[in-house]
Amino acid sequence: MIGYPSTPHTAEDYTYYSARQFDRFVNGAIQDLQRQGLERAQTASSGDGDDAPVAALLGPATLDYVVTVFALARMGYAVFYLSTRLSQEAYMSLLDQTDCQRLIYADHVPALSKSVSELHAKRGDKLNSFTFTPFASYSQCAEPSEYRFKSKPSDGSRTAYIIHSSGSSGIPKAIPSIHAAGIANYTFARSFESYFLTLPFYHGHGVSMFFRAVFKGKPIGLYNASLPLTGPHLVRSLRATRPESLHCVPYALKLLAETDGGPEALAGPKQVLFGGSSCPDHLGDELVARGARIISHYGATEFGQVMTSDRPADDKAWNYLRPLPHAAPFLRFDQLGDDDRDDASGQETYECVVLDGLPSKNKSNSDQPPNSFRTSDKFVKHPRLPDRWKYVGRLDDRVNLVNGEKVLPIPIEHRVRRSRLVKEVLVVGVGRVMPGLLIMPSDEARGLDKNEIVDRVWPDVAAANENAEAFSQISRDMVEILPVDVAYPQTEKGTLIRKACYKQFADVIDALFARAEGSDAANDSQLPSSSKLALGVEGIQDFLLGVIQRDLGLDHVGPDSDFFTAGLDSLQTIKVYGIIKRSLDLGKGSLNQNALYDHGNIRRLAVHLHNLRTGEKQGEAEDEIEVMSELIKKYSDFQTPAVKNDQEVVVSHLPPFFLMNTKRLTN
C-alpha cells in the first residue's frame, strides 16, 4: 500500500507496508496520542450541523507523518496540513482562522521545535501540542483496530482536511476541503499500477495524488523526507521504486535533467506529472526528446484537478493542457485585454474561470458568473488545435519560483522603499530557484559605491524578511544595485511596470542568478585566485559559520550541526554554494552544487574545501568512516513489528551502502 525507505539516510531500500500492517500502525499511533493526552473528537458522531474539530500537522512527510494523518482522521479530526516554512505571524493567523487548538509536530526537527515553543509563548493555553509517534512505538502494536467505516449522507459536507494558500495576499488563507469534494477529486484520474510522490502533503497536488493512489488501491512510494531533494537521491529513489506514475514540481525535473542517469530515470514512468508552477519550455522539450512522458497538470485546492496535457504517444505538445472530460462543462476562458498579451508570443491571453456545479469545487470568489472561481491564471490558445491551452502566467504580481513556491513582491518592495537611498525596487525570480532584488537608487545614493548602498539599505531588506516566509526572503548576495540615473519602464504616474522591467533588465537578472548560483559564466567566478580567500581549515569553518549564521539567520547552526536537520533547505544551500564559489580560493578543484548535503556539516565541508585548493585528501576518508559509524550507532537498534502468527513480517535492514563498507569499519 505505502512504501518508504527503511532508514532515514537512504534514498533506496524501500519497504512497502500492506493495508493490514498500516491499520495496526494507525491503531498504535492512536494509543500513543491518547497517552499523550489527545482525546477522540467528541463531534465525530454528533449531529448533522457539527463539523469536525481541527488538528494541525507540522513536520516533514515521513512514514510517521502519514500514520499520524490516518490516526487523526480516525479519531474524528479534520487534518490541517501546515507548511514547515511559514513565519510565526502566518502560523498564528492560520490557527486563528480554523480555531485550531491542537498541534502535532515532529519534535526531532530543531527548527520546528523552536517554532512550536514560540507559538506556545504567544498562545498560552489556547494551544495543546503533541509529538509524532515514532515507528519503534506504533510498529509494536499487534492488535487490529476493529475500525469499521460508518457514515451518513450529511458527512459529505463535513471538513476532511485543510491546506492553505501560499500567502500571496500577505497572509496565507486556510482552504478546507469537504469529504464530497475530495472523493470527486480522487475519482477522476487515470489508474496506474504504482506511484511515486516527491511532494509534501501541504501541497495540494501532493495530498491529492497520495489519496488518489490509496483510493484506487495501488501502491505509492514516498520520497524520503529526511533527505534533501537532490538529483542523485531522486535517481536512486526512482530506480528503487520503478513507478508507473511520478509526481513532482518542475524543480525536481530540473535536478534530474542535470544529474547523471536522471533523464534515463525519467524515461521509465508511463507518466511524469508535474504541478505547482510552469516548467520552462526548453527543459520540458529536452526531457521529452529524451523519452520522458512529461505531463503538465493544472488544478488548485479550491477546485481540484481540471486539466492535464495527457495526449497520444506521438503528440509532443507536453505544455498544452486539455480540460478533463468531467471538468470541461464547468470551465470558461475569458479573453483579456491587449495589455495582457503574452510577452513571449504576442498572443491574446485568456483567464480560466471555474463555474458553479463542478463536484470538486469547494470555494467561490466571484459572482460573475454566480458562484464561480476566477483563477487569475492566464492561458494562450494552441495555434492550430482546438481546446488546447498553454499556461503563461498570472494576472496578479506573484513571483512563481521553479519549485512551486509563490512570492508576493508587494510587501517586500513597500518595506525596502522606505529607505531614503531607494527610488524604486523590483523583486525578481520568476522561474528561478530563489527570489532576488533589483534596486534603483535615489539621488541621495549618488557618489556611493554598490557595496555602500547595500550596507545602508540592508536593514530595510532584513526588516522585510522578518515578515516573509522562508522561501520569500532575500539574501544579501541576491541584491543588485543599478545605476542612480537608470531609466526603467513606468506609468505616467511614475509606477514601475513590472513585466516591462523584467524584459528590459533580463541580462542583469540573468547575471545576478548566475553569480548567486556560482556559475562559471558569471564574471566574478573568473577572478584570479589572489582576489579570493585562501584559508586553512579553521579559517574556512569560521567563514562558513559567518555565512550561515549572519547571511541566512540560522544562529543555532554550529560546526557539527547537520545541515538538513538544522533547517537548511535547497534554496539556502544554493545561496551558500554561490558565496563559496565567489569568495573562497578553491584552486583547480571543482565544487559539486550538492556539496553541503554531501558533507553534512561545517566541519566536514571545511576539510573538503581546503582539500580542493591544496589537492590533499587529508581528513576526508576519516570523515566518511566517522559518518558511517555515527549512522550505524544511531540506527542499528532495530525493533521488529509485533505480529500474530498469521500475519506478515517486514524486517528493516541495513542499506547496501553499509554492507559494502563494513570491512573498512572493522579493520
If you plug each phi of the stretch 86-103 into the Karplus form 6.51 cos²θ - 1.76 cosθ + 1.60 with θ = phi - 60°, what whole-Hz ³J(HN,Hα) values come out, in order, with x for Gly and Pro?
-> 8, 7, 4, 4, 5, 4, 4, 5, 5, 5, 5, 4, 9, 6, 8, 10, 10, 9
For Phe130, enumerate residues with amide H under 5 Å from its amide H, sequence gap 5+ or separate chain, H modeled in the peptide plane.
-> Leu103, Ile104, Tyr105
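Given only helices, namely DSSP H runs of n ≥ 4 each adding -39500 (n - 2.57), what is the per-residue ellipticity at 222 nm of the chain, to the nearest 500 deg cm²/dmol?
-10000 deg cm²/dmol
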Dipole of the chain, positive end: most advanced residue of Pro559, Ile481, Ala500 [Cβ charges, Cα centre] | Ala500
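Need one number for the chain: average projected area of the convex hull over its C-alpha atoms, nm².
So the mean shadow area of the Cα hull is 31.9 nm².
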Farthest towards the positive end of the dipole of the chain, among Cys141, Leu545, Val116 and with Cβ unit charges of +1 on Lys and Arg and -1 on Asp and Glu, lies the Cα of Cys141
About the Cα centre of the stretch 78-219, what is the dipole size in debye to 20, counting +1 per Lys and Arg Cβ and -1 per Asp and Glu Cβ, all else neutral?
-> 380
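Quick one: with all protein chains in place, what share of the accessible area of the chain is carbon or sulfur, to the nearest percent (1.4 Å probe)?
Ligands and nucleic acids excluded, carbon and sulfur give 49 percent.
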Amide H to amide H under 5 Å from Lys423: which residues, 5+ apart in sequence or cross-chain, H placed 1.01 Å off N in plane?
-> Met440, Ser442
Across Lys254/Lys499; Lys406/Lys588; Lys216/Lys381; Lys218/Lys390; Lys150/Lys216, pairs whose alpha-carbon gap is larger than 27 Å | Lys406/Lys588; Lys216/Lys381; Lys218/Lys390
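Please give the contour-minus-distance gain from Ser157 to Lys588: 0.36 nm per residue of separation, less the Cα-Cα distance, rounded to one decimal in nm.
Working: separation 431, 0.36 × 431 = 155.16 nm, distance 6.38 nm.
Extending this stretch completely gives an extra 148.8 nm.
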What does the charge dipole of the chain about its Cα centre add up to, to the nearest 20 debye, if the Cβ of each Lys and Arg holds +1 and the Cβ of each Asp and Glu holds -1?
-> 1160
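I'd like to compare 272-285, 424-437: which one has the highest average count of other Cβ atoms within 10 Å, and what's the full order after that? Intermediate values should be presented prior to the final figure.
Values: 272-285: 20.4, 424-437: 22.4.
Ranked by mean Cβ neighbours within 10 Å, highest first: 424-437, 272-285.
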Arranged from highest to lowest average of other beta-carbon atoms within 10 Å per residue, in what order do the peptides 297-308, 552-563 appear?
-> 297-308, 552-563
Evaluate the distance, in nm, between pseudo-label points positioned 7 Å from the Cα of Leu545 and of Arg35 along their respective Cα→Cβ axes.
-> 4.0
When ligands, DNA and RNA are left out and all protein chains stay put, how many square angstrom of accessible area per residue does the chain have with a 1.4 Å probe?
-> 44
Compute the semi-axes of the equivalent ellipsoid of the stretch 308-372, taking the square root of 5 times each eigenvalue of the Cα gyration tensor, and list them largest first in whole Å.
-> 24, 21, 7
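Sorted by mean Cβ packing within 10 Å, highest first, what order do the peptides 361-367, 205-211, 411-417 take?
Packing proxy ranking, top to bottom: 205-211, 411-417, 361-367.
The values are calculated or read from the model by the stated rules, or taken from the named source; none is laboratory data. As the structure is a prediction and not an experimental result, all values here were calculated from the model. Glycine also receives a Cβ, built like all others from the backbone with ideal geometry; neighbour counts cover every protein chain displayed. SASA here: full protein model, heavy atoms, side chains in, ligands and nucleic acids out. Shrake-Rupley method; radii C 1.70, N 1.55, O 1.52, S 1.80 Å.
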